[in-house]
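Some notes on the structure that comes next.
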Amino acid sequence: MNSSTNTKSFAKVVENGVQAVEEVNQLRSAGYVYDDIFVLAHDGDRTNRIADTAGASEVGIKEEGMFDALANLFRSRGDELRAKITSLGFTEAEAQFYEKELDLGKVLVVAKKA
């Protein structure tokens, strides 16, 4: 199973946007709110489309912190994705694993525990 339970966040790798929307809906049914659910894909435009359709968030400055968000302007997309994943409470090793999955065209759905 491609999911990880962490003290701060839950993540699941899914194959496509349709599955991402289904996962977001399940998380919302389980009590997570809009601000606690995030969707990441390797293609930024794809991330936006899926997040809009699913009613999920994208990782923004609040989660990353101003310094990390500014640093992302100078990173490759892979580095940026790993920084976003670690900002949600995952280790660098977990972030590398998830970023490689995104490289393969998969989508990452994250629910941040309050």
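Which condition number does Asp45 fail, the rest of (1) touching a helix residue (DSSP H, G or I) at 6+ places or on another chain (Cβ under 9 Å); (2) in a helix (DSSP H, G or I); (3) modelled with pLDDT of 75 or more being met?
(1)
Kindly evaluate Phe67 against the criterion of being more than 22 Å from Gly105 (Cβ to Cβ), at pLDDT below 75 and either in a loop (DSSP other than H, G, I, E, B) or of a type in the set (S, T, N, Q) (or both). Show your work before the answer.
On the way: more than 22 Å from Gly105 (Cβ to Cβ): yes; at pLDDT below 75: yes; either in a loop (DSSP other than H, G, I, E, B) or of a type in the set (S, T, N, Q) (or both): no.
In short, no.
Please list, ordered by first then second residue, the pairs with beta carbon atoms under 9 Å, 6 or more apart or interchain, first in the range 10-25 and buried (at least 18 other Cβ atoms within 10 Å of the Cβ), second among the small types (Gly, Ala, Ser) and in a loop (DSSP other than H, G, I, E, B).
From residues that are buried (at least 18 other Cβ atoms within 10 Å of the Cβ), the pairs are Ala20/Ala56; Val21/Gly55; Val21/Ala56; Val24/Gly55; Val24/Ala56.
The values are calculated or read from the model by the stated rules, or taken from the named source; none is laboratory data. Not measured: the values here are computed from a predicted model. FYI the Cβ positions are ideal-geometry reconstructions off the backbone, even for glycines, and counts take in every protein chain you see.
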